[in-house]
1. Helix-only estimate, please: 222 nm mean residue ellipticity of the chain, summing -39500 (n - 2.57) across DSSP H runs of length 4 or more and dividing by its residues, to the nearest 500.
2. Considering Cα pairs under 8 angstrom that are at least six residues apart, work out the relative contact order of the stretch 11-131 and quote it in whole percent.
3. Which whole-number value in Å² is the accessible area per residue of the stretch 62-115, probe 1.4 Å?
4. Which distance in Å, rounded to a whole number, links the C-alpha centroids of the stretch 1-75 and the stretch 84-104?
5. Among [x] 63, 42, 29; [y] 43, 33, 29; [z] 66, 32, 27, find the value of Cα extents along the principal axes in Å that was calculated from the structure presented, and write down its label.
Amino acid sequence: MVAFYLPPDLAAQFALVGGEPVDQLHVTLAFLGDAADLSDEAALQALVAGWAARTPPISGEIGGVGLFTAGPEVVTYLSLDLPALPAARQVLADALSDGGQPISGAHGFTPHCTLDYADRAAEVTASGEAVTFESVAVVVGPTRTDYPLAGEPEPVVAAAIKRTGKGLQIGRAHV
């Protein structure tokens, strides 16, 4: 699995007694199947390390609490609003696939952090808490390896700012 782990302060804030352990609260970016079926762990580590080196920290907020209710299981989760994540995750998925490490297609991608495998949404209050992921983890069996997200943020698009006869125009506003 390739995942972001919640920062310790947020993990402690949202961990539920009897739910997922505080040090295991994560957002799965790529599920690769069982560790025993992994064909080349060194290649996986290299692919993720390369992606992390090019990817800047990813920030956003915890959007709220939700439930997955497919099948007999109910899952209480934190939803995450991370605007840069869809594009960054697609780059990761493509790199893994191109490198012979295709991710599982059993589920679509919904950024979330599982808190418990039970309906406990009423016990959680979450909305708008800031979150920044500064590293990504590769977890194979019991072993977790973290890589810092070290890429540079994208520069402001120069085309969004242009000079007019009235000064600078940013979007529709004149400055």
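The values are calculated or read from the model by the stated rules, or taken from the named source; none is laboratory data. Just so you know, these numbers come straight off a predicted model, no measurement behind them. With ligands, DNA and RNA removed, areas are computed over all heavy atoms of the protein, side chains included. Shrake-Rupley method; radii C 1.70, N 1.55, O 1.52, S 1.80 Å.
1. -6000 deg cm²/dmol
2. 38 percent
3. With the other protein chains kept in place, the stretch 62-115 gives 51 Å² per residue.
4. About 15 Å separates the Cα centre of the stretch 1-75 from the one of the stretch 84-104.
5. Structure-derived value, by its label: [x].
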